[in-house]
Structure formats: C-alpha cells, structure tokens
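Contents: one structure, followed by commentary.
The values are calculated or read from the model by the stated rules, or taken from the named source; none is laboratory data. Predicted model only: the values in this text are computed from it and were never measured. Cβ sites come from the backbone with ideal geometry, for glycine too, and all protein chains shown count toward neighbours. Only protein heavy atoms, including side chains, enter the accessible area calculation; ligands, DNA and RNA are left aside. Shrake-Rupley method; radii C 1.70, N 1.55, O 1.52, S 1.80 Å.
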Amino acid sequence: MNAWLQAAAVLLTGAGLVSAAAAYRITREARRALGVLLDFLTAAGLLRLAGDPAWDGILTAAAVIALRRLIGSGLALSRAAP
Amino acid sequence: MIVSVELLPESTLRDAIGVLVRLVEAAGALIIFLGAAWAFVQFVKAGLRGRDRVAGFNRIRLSLGRFLVLGLEFQLAGDVLRTAVAPSFTEIGQLAAIAAIRTALNYFLGREIAQERAEIARGEEAAPLERPAQGTPS
C-alpha cells in the first residue's frame with residue numbers, strides 16, 4: 001500500500017503545479033495560485049501519513065502545513081503594507 | 001482448578017483490527033486523492049475557460065479543503081483503532097501528532113473559509129458602488 005500512496009502523493013504534487021497555473025490564469029493573483037499549490041502539497045503530505053505512519057511522514061506533513069501558514073500570513077502582511 | 005476458555009484469542013482480535021485499520025486508512029487516502037483529483041479537473045476546466053471566475057475558484061478551493069478535512073478524520077479513526085489493541089508510547093505519540101495536525105488544519109481551513117467568504121461579500125458590496133463611478137462621464 002505504501003508504494004501506491006507514494007505514487008499518489010507524487011501525482012498530487014504534479015496536479016498541484018498544473019492547478020496553480022490554472023488558478024493564476026483565473027484570478028491573476030500569485031497569492032491565490034500559491035494557496036492552491038500549498039493545498040495540493042498538504043494533500044500529498046496527508047497521503048504519506050496513511051499506511052504505516054512514520055515520524056518522517058508526520059513531520060513532513062506538519063512542516064508543509066506550518067510552511068503554508070507562514071507563507072500565507074507573509075503574503076497577507078505584504079498585501080496589507082502600503 | 002481454574003478453567004479458562006478463550007472465546008476471542010488476542011491474535012484474532014489483533015488481525016481483525018489490523019484489517020479494519022487498513023480499510024479505514026485506505027478510505028481516508030481515497031477521499032483525499034479523489035477530492036484532489038476532482039479539484040484538479042475543476043481548476044483545469046476553469047483555467048481553460050480563462051475568464052475571471054473568482055467565485056467559482058473559491059468554491060473549488062473550499063471543496064478541496066473539506067475533502068482534506070474528511071480524509072484526515074478517517075486517518076485519525078484508523079489511528080485510534082491502531083492504539084486499541086497494543087498501545088505503545090510510539091503509537092500514542094504518533095496519534096497525538098496526527099491529532100495535532102488535524103486540529104491545526106481544521107482551524108486554519110476554517111479561518112481561510114471565513115476569510116474568503118468575507119472577501120466575496122466585500123467584493124459584492126463594492127461592485128455596485130464602483131459601477132456608477134465608472135459610468136459617470138468625466
């Protein structure tokens with residue numbers, strides 16, 4: 001099952017890159033496109049958590065979520081600044 | 001004299017729970033994968049249309065978030081089952097870590113949903129005000 005999950009996680013990462021490009025085309029905002037990419041990366045991280053969860057997988061998913069919030073709040077701050 | 005009858009051997013219980021854990025975790029992974037695949041198809045379709053469809057974009061993103069949260073709940077259920085038979089400190093630690101990730105994700109996704117809804121509401125309020133300004137002759 002772990003090999004399938006790894007393959008699915010890689011697929012989702014690729015899908016995230018394409019979706020982020022599509023999101024940029026729809027909204028013309030890099031912030032929203034980046035948000036979509038990070039959503040897909042979170043999904044890939046969560047897939048790696050299934051099966052036999054090892055500390056590596058848990059730490060990766062946690063790191064992606066933390067990074068996502070950090071980038072998201074950084075972009076929000078830069079947008080709010082004059 | 002002590003007579004003990006083993007109605008449910010521990011090994012059988014372990015095997016049964018092992019199968020259940022696999023099933024529940026596979027369901028969680030499937031939900032996450034299918035949700036992301038659905039969102040991918042929707043994003044590509046909307047991107048090919050190429051128009052400014054921010055409302056549709058937000059709806060797709062919110063659906064993806066809900067799929068992620070649902071999949072996470074299945075994963076958590078699988079982990080609770082895993083700790084039912086022979087909880088070790090490692091398993092308890094992993095369960096705590098996954099529960100923390102799920103809670104954090106729930107919290108942040110909830111905040112994002114509220115934020116995006118507020119943005120949509122602001123956009124709808126601003127639009128009628130902008131139109132007369134654009135229409136007035138200079």
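Which net charge results for the neighbourhood of A:GLY72, defined as the other residues with beta-carbon distances under 9 angstrom from its beta-carbon, given Lys and Arg at +1 and Asp and Glu at -1?
Net local charge, A:GLY72 excluded: +2.
Based on alpha-carbon positions alone, could you give the equivalent ellipsoid semi-axes of chain A from the gyration tensor, as √(5λ), descending, whole Å?
Three semi-axes, in Å: 27, 16, 5.
Provide B:VAL80, A:VAL36 ordered by accessible surface of protein heavy atoms (probe 1.4 Å), highest first.
Correct descending sequence by accessible area is B:VAL80, A:VAL36.
In the stretch A:1-80, carbon and sulfur make up what percent of the accessible area (probe 1.4 Å)? Present the calculation step by step, with values, prior to reporting the outcome.
Details: 2680 of 3790 Å².
Of the solvent-accessible surface of the stretch A:1-80, carbon and sulfur hold 71 percent.
Shielding of A:31-43 by partners, i.e. mean partner chain Cβ atoms within 10 Å per residue?
On the way: counts 0, 5, 0, 0, 3, 7, 0, 0, 10, 6, 0, 10, 11.
Per residue, the number of nearby Cβ atoms from other chains is 4 on average.
In square angstrom, what is the accessible area per residue of the stretch B:11-87 with a 1.4 angstrom probe?
Computed with neighbouring chains in place, this is 50 Å² per residue.
If you take the accessible area of A alone, add that of B alone, and subtract the area of the pair, what total do you get in Å², probe 1.4 Å, to the nearest 100? Walk me through the numbers on the way to the answer.
Details: alone 5710 and 10330 Å², together 12660 Å².
Summing both chains' loss of accessible area gives about 3400 Å².
Evaluate the charge dipole of the stretch B:11-87 about its Cα centre and quote only its size in Debye, nearest 20, assuming +1 on the Cβ of each Lys and Arg and -1 on the Cβ of each Asp and Glu. Walk me through the numbers before you get to the answer.
Details: 10 positive and 5 negative charges, 104 e Å.
For this selection, approximately 500 debye.
When the gyration tensor of the stretch B:11-87 is built from Cα positions, what are the square roots of 5 times its three eigenvalues, in whole Å, from largest to smallest?
Details: eigenvalues 280, 22, 5 Å².
Rounded to whole Å, the semi-axes are 37, 11, 5.
Using a 1.4 Å probe, what is the accessible area per residue for chain A, in Å²?
That works out to 49 Å² per residue.
Is there a simple number for the mean count of other chain Cβ atoms within 10 Å of the Cβ of residues in B:28-37, and what is it?
Numbers: counts 4, 11, 3, 1, 11, 12, 0, 1, 13, 5.
Mean inter-chain Cβ contacts per residue within 10 Å come to 6.
If the label point is 7 Å along Cα→Cβ of B:LEU20, which residues in the stretch B:81-114 have backbone nitrogen under 12 Å from it?
Taking a point 7 Å out along Cα→Cβ of B:LEU20, the residues of the stretch B:81-114 whose backbone N falls under 12 Å are B:81-86.
Roughly how many percent of the accessible protein surface of the stretch B:11-87 is carbon and sulfur, given a 1.4 Å probe and a whole-percent answer?
With neighbouring chains kept in place, the figure for the stretch B:11-87 is 68 percent.
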